[in-house]
Amino acid sequence: MVEYTSNEQRLWESFLDGDLKAWEQIFKLFYRDLYGYGIKLSARPELTKDCIHELFVVLWDRRAHLDEVGSVKAYLLASLRRSLLKKIRKERKHYVDWDEKVHATVDIQFSPEEIIIRGEIKADKRNALYKALDSLPDRQKEVLYLKYFNGMSYDEIEEILGINYQSIRNHAYRAVKSLRKIMDDQFSEVAISLFPILLVISF
């Protein structure tokens, strides 16, 4: 992991120095993660693709004014999130109430195919976990998506969402607590099999 992070930093530094190939490598390295997160935020493939391409054009044009970053992935995800929400807000500018809340929540949706756990479980139990995840408040879902499905640290999530570290930990704790309760009520054996996952996304 350290080696991978070092490679990211070298690519970023080369990009800042005007290395076009480094810029292209960064695009290829993070496109899948950016697209996956963008789809979660917008549910619109074309808008997501457009925002990712626009982001990289802006990065290249403004490279002389950019600084080194602690996490390239977190920086890119945060930038994409701002760009997408800005465009969505602009499109829905007549909906004042929605506009005021857009910074606080986004409608993250999980799918059964994303529920990967250690060992095989029956479809009904996998779907129960999917529904349990989908029943969480939007902010909790976004924190879990970034933490578990994207492997981001709490510090990186803080940069992406723009909320403080303790709030993020609180969201993660409450989400895990809710998942445990829901799954305990429905399938006690699934709750046990989920334990390795819940360790990953809890403290």
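Shown here for segment 37-83: trypsin sites (Lys or Arg not before Pro) in loop regions (DSSP other than H, G, I, E, B) with at most 15 other Cβ atoms within 10 Å, namely 62. When the GluC sites (Glu not before Pro) in segment 1-93 are filtered for DSSP coil states and for at most 13 other beta-carbon atoms within 10 Å of their beta-carbon, the remaining sites are 68.
Share of segment 1-67's accessible area from carbon and sulfur, percent, 1.4 Å?
Working: 2150 of 4130 Å².
Its accessible area is 52 percent carbon and sulfur atoms.
With the radius of gyration and the Kirkwood radius both derived from the Cα set of segment 7-84, what is their ratio Rg to Rh?
Numbers: Rg = 11.9 Å, Rh = 12.5 Å.
Here Rg/Rh amounts to 0.95.
The values are calculated or read from the model by the stated rules, or taken from the named source; none is laboratory data. The structure displayed is predicted, hence computed values, not measured ones. Quick reminder, even Gly has a Cβ in these numbers, built from the backbone with ideal geometry, and neighbours come from all protein chains shown. Ligands, DNA and RNA are excluded from the accessible area calculation, which covers all protein heavy atoms including side chains. Shrake-Rupley method; radii C 1.70, N 1.55, O 1.52, S 1.80 Å.
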